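**Student:** After the structure tokens below, expect a handful of questions from me.
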Amino acid sequence: MEMLKSKFIVFALIAALFQALGTQGINHRTISVNGINMHIAEKGHGPVVLLLHGFPELWYTWRHQIVALAANGFRAVAPDLCGYGDTDAPQSVGNYTTPYIVGDLVALIDALGEQQVFVVGHDWGSVIAWHLCMFRPDRVKALVALSVAFQPRDPSKKPTERLQAAFGDNYYIIRFQEPGKMEAEIARIGTETVLKEFLTYHSAAPFMIPKDKGLSPNCSLPLPSWLSEADVKYYTSKFQQKGFTGPLNYYRALDLYVSFKIWQNLTWELTAPWTGAQVKVPAKFIVGDKDLTYNSPGAKDFIHNGGFKKFVPNLKEVVVMTGVGHFINEEKARDISAHIYSFIKNFFI
């Protein structure tokens, strides 16, 4: 037993060393924004590039891009979004509506002393980034969105109703809706195991969590080359510290939400004034052809046959990467860094 403990300590020390080397030179601080304390990681000098992570991610998701952008004359800033990592996690689901999270980011841009920034988003970070561009185009020079295309508001149907009709009750977003239920499921299986299941998902098929089986990760699957045990342990340490309620609340804030018999108007209701609105900021979209979002019903038709361009008239480029899954900024870190730089340098004045 003592020998096993010693081996674990040695492994932990080695993992920490590689972790430190991989993020060397990245600075960390906490800023007060919109009523919360937000942790940011930053590196470099020059025009600010705001990097917004998704689920279940952290600032750390952008570690490769932070270094690459800083080396190319930019100031890369990656926050832990509300509810994640070392940023505060308010209790109320209302704090996770899109307008509220955009408010956090506008306050962050102010705190950084910037009038305008470049924005890069992945997954939920892309959802928030599209809305930041729609609500406050004056604060964004250009946008690079990964994995999630702009999704115009459908006034006839709420998001959860649409997703339930398309995928059924076992679809992960539907299963995330009940407060406490998924948190208990994650606690039963273990944070590290669940994170491995999410972060290694590499399929065009929708992600399902059957009600009769729950999460059932295949622990025998090896990690992909782009995700190390040290990476997983860093994610695990932060999600064990903060929990999953904040991150899951982004999904629970999609539309009308009932808590303790109190009806709360959330993102779908609050964004009604922007029904039919366009995003006019210059934009580039990058997605993997194995990404579950790209293979959702109607997604390819919307992206390639005029719908996307209708709502994002200044869409400059769409890149579909062959054989690449959802966690594109980690799986193809160098390519994504190059794509970001090649686009935003055109607006580097």
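**Student:** Check the straight Cα-Cα distances from Lys158 and name the lysines below 29 Å, setting aside those fewer than 8 residues away within the same chain.
**Tutor:** Lys181, Lys211, Lys213, Lys261, Lys280, Lys284, Lys290, Lys300, Lys309, Lys310
**Student:** Expressed as a whole percentage, what fraction of the accessible surface of the range 310-349 belongs to carbon and sulfur atoms when a 1.4 Å probe is rolled over the protein heavy atoms?
**Tutor:** Carbon and sulfur together cover 50 percent of it.
**Student:** Let me ask something else. Say we join alpha carbon atoms closer than 10 Å with springs in a Gaussian network model of the chain; which of Pro282, Pro79, Pro273 then has the biggest fluctuation?
**Tutor:** Fluctuation is largest for Pro273.
**Student:** Mean-square fluctuation check for the chain, GNM, Cα pairs under 10 Å: which of Phe239, Phe135, Phe285 is largest?
**Tutor:** Phe135
**Student:** Right, something else. Based on Cα positions only, what radius of gyration and what Dmax would you give for the range 93-169, in angstroms?
**Tutor:** Gyration radius and largest Cα-Cα distance of the range 93-169: 14.1, 46 Å.
**Student:** Using the Karplus curve 6.51 cos²θ - 1.76 cosθ + 1.60 with θ = phi - 60°, what ³J(HN,Hα) values do you get for each residue of the range 245-251, in whole Hz, with x for Gly and Pro?
**Tutor:** Using θ = phi - 60°, the values come out as 4, x, x, 5, 5, 4, 6 Hz.
**Student:** Residue by residue through the range 233-244, which ³J(HN,Hα) values in whole Hz follow from phi under the Karplus form 6.51 cos²θ - 1.76 cosθ + 1.60 (θ = phi - 60°), with glycine and proline marked x?
**Tutor:** These are the phi-based 3J(HN,Hα) values: 5, 5, 4, 4, 4, 6, 6, 5, 5, 9, x, 10 Hz.
**Student:** Stretched out fully, how many nm does the piece from Ser220 to Glu269 gain, at 0.36 nm a residue minus the Cα gap? Mind showing how you got there, number by number?
**Tutor:** Numbers: separation 49, 0.36 × 49 = 17.64 nm, distance 4.32 nm.
Answer, rounded to one decimal: 13.3 nm.
**Student:** Something else about it: Among Ile26, Gln278, Phe135, whose Cα projects farthest towards the positive end of the dipole of the chain, with charges put on the beta-carbon of Lys, Arg (+1) and Asp, Glu (-1)?
**Tutor:** The one lying farthest along the dipole's positive direction is Gln278.
**Student:** Quick one: what are the phi-derived ³J(HN,Hα) couplings along the range 84-97, Karplus 6.51/-1.76/1.60 with θ = phi - 60°, whole Hz, x for glycine and proline?
**Tutor:** Working through the residues one at a time gives 10, x, 9, 8, 4, 10, x, 6, 6, 4, x, 6, 10, 5 Hz.
**Student:** Taking the range 68-211 on its own, what percent of its Cα-Cα pair distances exceed 20 Å?
**Tutor:** Summing the P(r) of the range 68-211 above 20 Å gives 59 percent of all pairs.
**Student:** 222 nm [θ] for the chain, helices only, -39500 (n - 2.57) per DSSP H run of 4+, per residue, to 500?
**Tutor:** Result for the chain, helices only: -11500 deg cm²/dmol.
**Student:** Moving on. Can you work out the accessible area per residue across the chain, with the rest of the protein chains kept in place, probe 1.4 Å, in square angstrom?
**Tutor:** About 44 Å² of surface per residue is accessible.
**Student:** Tell me the volume per residue, in Å³, of the convex hull enclosing the alpha carbons of the range 22-79.
**Tutor:** 81 Å³
**Student:** Could you state the orientation-averaged shadow area of the convex hull built on the Cα atoms of the chain, in nm² to one decimal? All intermediate terms of the calculation are to be shown ahead of the outcome.
**Tutor:** On the way: hull surface 71.7 nm².
Orientation-averaged projected area of the Cα hull: 17.9 nm².
The values are calculated or read from the model by the stated rules, or taken from the named source; none is laboratory data. Source: prediction; values computed, not measured. For neighbour counting, all protein chains shown are included, and Cβ atoms are generated from backbone atoms with ideal geometry for every residue, glycine included. Protein only, heavy atoms only, side chains kept; ligands, DNA and RNA dropped before computing areas. Shrake-Rupley method; radii C 1.70, N 1.55, O 1.52, S 1.80 Å.
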